[in-house]
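Okay, structure first, notes after.
The values are calculated or read from the model by the stated rules, or taken from the named source; none is laboratory data. What you see is a predicted model, and the numbers here were worked out from it, not measured in a lab. Backbone-built Cβ (ideal geometry, glycine too); neighbour counts: all protein chains shown. Surface accessibility is based on the protein's heavy atoms, side chains included, excluding ligands, DNA and RNA. Shrake-Rupley method; radii C 1.70, N 1.55, O 1.52, S 1.80 Å.
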Amino acid sequence: MNRRVLTTLAAAVAAALVAAGWAYHEQQADPLPDATLTLVAADYGSGGTNPSQAYWEALAAAFHQEHPGITVRVRTYGWNDIAGQLDGMVAAKAYPDIVEGPRVDSWAKQGLLYPVDQIGGDGAVEMRLPHSLLAATGEGTTSFALPFVSSSRAFLINDRLWQQAGLPMTGGKAVAPRTWAEVEEAARRMKAAGVPVPLGLPLGPEEAQGELFMWEMGNLGGYTDSTGSWTVNSPQNKATLTQLKHWVDEGLTEPAPASVDRTALFTEFAAGRVGMLDGAPVQLSGIASGHLDVTWAPLPTAQDGQASRALGVADWLSAFKAGGHRAQIEAFLAFAYRKQWQVRFGAEYDLLPVTIDALDQLRTDRPELNPFVDALNTARFMPTDLTGWSAVSHAIQTRAGRLLDDPQALDQVQQIAIRGGS
């Protein structure tokens with residue numbers, strides 16, 4: 001049975017489950033006991049505009065209309081701050097009820113979180129997810145987080161700067177590099193043509209773990225192997241760092257990539273100063289505002305003929321047990337995963353919803369995002385479900401400069417992974 005048929009079948013089954021299961025559960029449990037829930041969420045806004053606080057407050061107000069006895073108080077933090085804020089709350093035992101954003105395995109390890117099967121409407125949420133996102137939750141294991149929003153990545157080229165460097169075009173679009181050798185040649189020619197940043201390489205703490213993972217995948221590497229065993233310090237990963245450092249030393253990237261965050265470099269791309277980088281759909285609005293002509297292409301690989309894999313990204317919802325608000329949290333999640341709210345969040349931040357019905361709506365409303373939706377089918381996700389991932393991710397985010405200078409330092413990160421972050 002092909003994927004399209006499976007997806008259609010899954011959507012039909014999901015609709016039946018929601019109608020007969022989750023919706024029934026909500027009805028039977030209503031009215032729920034009065035409660036005040038605390039939601040801590042990541043801020044997806046840019047430069048102070050379109051803050052996520054506004055989205056969540058609107059959702060909370062609409063939820064309150066249906067459940068007058070439940071109030072949801074919202075706090076949002078930027079991606080560079082939210083992990084530290086949450087660490088402080090957990091250390092002080094001032095637990096929020098719901099967290100949207102990072103997935104932290106140590107919370108589950110400490111027994112602080114509700115399993116998904118206790119807050120996900122008897123599996124109704126998971127039945128509404130595409131298989132790739134369901135697998136990213138830790139399919140076949142007890143999961144403590146649900147994906148709330150997703151994205152995928154592709155290689156992005158500024159066509160004007162590409163043409164300025166005399167690089168090949170077809171139909172007004174860049175003939176994208178397929179291999180690292182072609183990336184290097186294009187970057188050298190862009191540098192010679194005066195492009196300020198031929199190849200963007202954001203290895204700052206915002207998302208160094210994702211940027212490095214994309215290049216590692218292009219060299220048949222990654223953080224784990226097919227069995228789920230840690231391979232942080234594999235020869236392929238060390239060779240990837242050596243290649244990236246070579247490009248930095250040759251002046252083909254921005255200076256000091258470990259101090260440059262993704263958001264800042266995306267802004268530079270929108271300003272027409274960056275020739276190539278690993279891009280994301282969140283850039284679409286900036287590209288439109290800057291009136292840029294661009295080419296989206298598969299991520300380049302180390303060797304010609306090697307299959308390119310997209311990076312899939314998901315941000316997560318998890319729920320703490322300390323407040324004892326399981327039923328109220330379940331009702332809130334049922335509301336938050338409704339199609340209208342999934343579509344609204346994705347549209348606001350140029351991200352992809354995670355439910356099948358919302359993804360289908362996105363295909364109609366935003367056809368420019370279809371390549372990113374398609375990429376989710378075969379995308380590879382970072383191992384966020386593994387014990388130790390939070391510590392591994394943090395180590396990479398804070399040590400990217402050291403890793404570039406000395407790829408052997410990956411051995412230390414591998415030991416962190418093996419110890420499970422302890």
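With runs of 4+ DSSP H residues as the only contributors, calculate the mean residue ellipticity of the chain at 222 nm using -39,500 (n - 2.57) per run, divided by the residue total and rounded to the nearest 500.
Calculated at 222 nm, the ellipticity per residue is -13000 deg cm²/dmol.
Net charge within 12 Å of residue 207 by Cβ-Cβ distance, Lys/Arg positive one each and Asp/Glu negative one each, not counting residue 207 itself?
-3
Given labels modelled 7 Å from the Cα in the Cβ direction, how far is it in nm from residue 75 to residue 87?
1.6
Highest mean first, how do 163-169, 383-389, 399-405, 152-158 rank when packing is the count of other Cβ atoms within 10 Å averaged over residues?
152-158, 383-389, 399-405, 163-169
Taking only protein heavy atoms and a 1.4 Å probe, what accessible area per residue, in Å², does the range 110-221 have with all protein chains in place?
About 34 Å² of surface per residue is accessible.
Provide the packing ranking of 173-181, 53-61, i.e. peptides ordered by the mean count of other C-beta atoms within 10 Å per residue, highest first.
Ranked from most to least packed, the peptides come out as 173-181, 53-61.
Positive end of the dipole of the range 248-341, charges at C-beta (+1 Lys, Arg; -1 Asp, Glu), about the Cα centre: which of 296, 337, 258 has its Cα farthest in that direction?
The residue sitting farthest along the positive end of the dipole is 337.
Taking all pairs of distinct Cα atoms, average 1/r, flip it, and tell me the Kirkwood hydrodynamic radius of the range 268-368 in Å to one decimal place.
By the Kirkwood definition, the hydrodynamic radius is 16.7 Å.
Return the ratio Rg/(2.2 N^0.38 Å) for the range 305-353, where Rg is computed over Cα atoms only.
It is 1.65.
With no solvent and one equal point scatterer placed on each C-alpha of the range 205-279, evaluate the Debye formula and give log10 I(q)/I(0) for q = 0.23, 0.26 Å⁻¹, two decimals.
Relative scattering, expressed as log10 I(q)/I(0), comes to -1.12, -1.29.
Lysine pairs in the chain with alpha-carbon atoms under 23 Å apart, 8 or more places apart or on different chains: how many are there?
Summing the qualifying lysine pairs gives 5.
Taking the Cα centre of the chain as origin, work out the dipole magnitude from +1 charges on Lys and Arg Cβ and -1 charges on Asp and Glu Cβ, in debye rounded to 20.
320
Kirkwood hydrodynamic radius (Cα pairs, Å) of the chain?
For the chain, inverting the mean 1/r across all distinct Cα pairs yields 22.4 Å.
Tally Lys and Arg at +1 and Asp and Glu at -1 over the other residues with C-beta under 11 Å from the C-beta of residue 101: what net charge comes out?
Net charge in that neighbourhood comes out at -3.
Tell me the label-point distance for the pair residue 282, residue 370, using the 7 Å Cα-to-Cβ offset, in nm and rounded to one decimal.
2.6
Would you mind working out the magnitude of the charge dipole of the range 72-136 relative to its Cα centre, with +1 at each Lys and Arg C-beta and -1 at each Asp and Glu C-beta, to the nearest 20 Debye?
Magnitude of the dipole: close to 140 debye.
Would you be so kind as to identify which of 246, 39, 232 lies farthest towards the positive end of the dipole of the chain, taking Lys and Arg as +1 and Asp and Glu as -1 on Cβ and the Cα centre as origin?
246
Need one number: the % of Cα-Cα pairs in the range 86-193 sitting beyond the 22 Å mark.
Percent of Cα pairs beyond 22 Å in the range 86-193: 56.
Identify, among 82, 210, 388, the residue whose Cα sits farthest towards the positive end of the charge dipole of the chain, taking +1 on the Cβ of Lys and Arg and -1 on the Cβ of Asp and Glu, with the dipole about the Cα centre.
In the chain, that residue is 210.
Mind listing the long-range amide H neighbours of residue 299? Cut-off is under 5 Å, sequence gap 5 or more, other chains count too, H placed in the peptide plane at 1.01 Å from N.
Here the answer is 155, since their amide H atoms fall under 5 Å of that of residue 299.
Report the full-extension gain for the segment residue 173 to residue 64: residue separation times 0.36 nm, less the Cα-Cα distance, to one decimal in nm.
34.3 nm
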